[in-house]
1. Counting pairs of alpha carbon atoms under 8 Å apart in space and at least six apart in sequence, what relative contact order in percent does segment 422-530 give?
2. Using alpha carbons only, how many angstrom separate the centre of segment 503-519 from the centre of segment 31-67?
3. Angle between the Cα long axis of helix 560-570 and the longest principal axis of the chain, 0 to 90 degrees, nearest 10?
4. Quick check on packing: order 333-346, 233-246 by the mean number of other C-beta atoms within 10 Å, highest mean leading.
5. Find how much the distance from residue 320 to residue 55 grows on full extension, using 0.36 nm per residue of separation minus their present alpha carbon separation; answer in nm with one decimal.
6. Could you point to the label whose value was computed as Cα extents along the principal axes in Å for the structure here, given (i) 80, 61, 54; (ii) 119, 65, 52; (iii) 107, 78, 52?
7. Give me the angle, in degrees from 0 to 90, between the Cα long axis of helix 87-118 and the longest principal axis of the Cα atoms of the chain, rounded to the nearest 10.
8. Using R₀ = 22 Å, calculate the FRET efficiency as 1/(1 + (r/R₀)^6) where r is the Cβ-Cβ separation of residue 110 and residue 172; round to 0.05.
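Just so it is clear, none of the values below were taken in a lab; they were calculated from the coordinates. Please read these numbers as outputs of a predicted model, since none were measured by experiment. Note that each Cβ is placed from the backbone with ideal geometry, even for glycine, and that neighbours are counted across all protein chains shown.
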């Protein structure tokens, strides 16, 4: 033991506005000796650290905090806590105070700048007045640059602006030196405002965390934090309040708005005995609820964790831009150095002041802010927007992969069909009655929780089955049940079970699931179980085809006739029937081998037996946020509404997000490329350079915000 185990710590970095700095923080915290993994989500401002040795946690946390302060001194670090009831309020006050102080500082600097422009001054007067304006406006940038250089962190936006503006002063271009710094700072300020607005917009999509719970104790109702409530406690939820924890209604009736959890707009009626989920909103009645899970394990907390942790799985585009930005800036800096020194030496009549000015334009343009800020916001916005549709995507990498889906493989029961089975027909042999057939099947199925077993037990309304009479019970995977009652063997299962036990049975062409029953070695008859195709299954299939999915395949453990009937009705390309869980994995692996290298295969399933296939596929999609925990854990995408058509919504969000991200990439590269070329040929000034930097970054951030407002 020795205190060694993986332990996680989370922090909020308030005021983190530099995406490039966020990348530096993440890289340097990851390099700390005891850190197994560190992830900094720029969009949510969360730093998550995993430590190998819990005894070293305190020292690692202190080191991480020191690194954050070194790289971004203005950032406030605080530990992540569940109680967020006042968080937004305090944030808005601090944001407003910061904005006021920034505008006052820039306003004061602008007054000196305007005075210098219009007053008739000698050289020393210009130096003085422009110098005061420059230091007032650009003091923060100069300070950050000096600190970063002292720590060996040279190539960042502060260094670029410092060199560019000091260079402008060196060649006595005072107005442009101050103007570049002024418009850079104004652009950064508006960019920060846009980034914060985008963050608030994204967070509002997931604003489902309850602030309090009304705990009923000794006849009194007390308002407490949800994390203080324990399993078995009784809580009261009034009209208009959020349900704070998962539980069972023990008193009262009401309509619940579950749209925040599932995206489903139609309210759901609940009454005593029914389950309610945290994050739902109670619309009209007073509900008394018995809590069935603590806050850490509640549905609302799981959803928030899934969405908030999604940003740790970065999309390939994000990773590429992060690496690109690290090398792009130094290359441009050395290119600017070459531009400033080589042409005056080799071109007759060329002056150093002219080529230094062109080099300074290079430096201003080279900052990759537009890319490193807008792209993470774009993917995080896409994940947030998908959650609003009732689709939880566990990472930007999966959101991006959804754009390349060419094969969709679906489980049948619970995915394409309702999974709510009903007994459609009882067909006993001549010497047996329907009641006897159903009773024997009910005795065999009484200890099973399979949907088929539940349908048989619902149909059986005879005398209560005495479970003490059952001597043995065995489930045979892919076959059925073998049960001994009063020393007599009952078999209930498919034709494979009958063949295995060498019992003759009649062949049937019924469309549905056929359960054969045998008693003491004698065939008794069969029960036909029917399952209904989901209402939106056909729409899901046609929607996927419209999105460019080339192959739609169904896998099922059901018999050939049922599989063929469902596949024919839904117009699927292929189906594979009578598969065991291992067979499904094998079949998916074959389909993966047959597809093109860049195409992705999606598997959609809902049960615990689908977990291995979900994990093996390129993108695993679990049906139903309330389904099997194992399936949700293994899946990369979760469809909360339990509707296959939500997969179409997920792909639409993915495609829209990709379009926005690539629009921003194209905008940044084209504008920067054009201005760099113009600067090199002496056709651009510092004004165009500032637009190519902060102007493009601001436009890119505003464009990324469109994702959170888009309708799908």
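1. Numbers: 192 pairs, mean separation 33.3, N = 109.
Relative contact order comes out at 31 percent.
2. Answer, in whole Å: 61.
3. Result, in degrees: 40.
4. Working: 333-346: 15.8, 233-246: 20.3.
Output ranking for 333-346, 233-246: 233-246, 333-346.
5. Numbers: separation 265, 0.36 × 265 = 95.40 nm, distance 3.57 nm.
The span from residue 320 to residue 55 would gain 91.8 nm if fully extended.
6. (ii)
7. 20 degrees
8. On the way: r = 21 Å, r/R0 = 0.96.
FRET efficiency, residue 110 to residue 172: 0.55.
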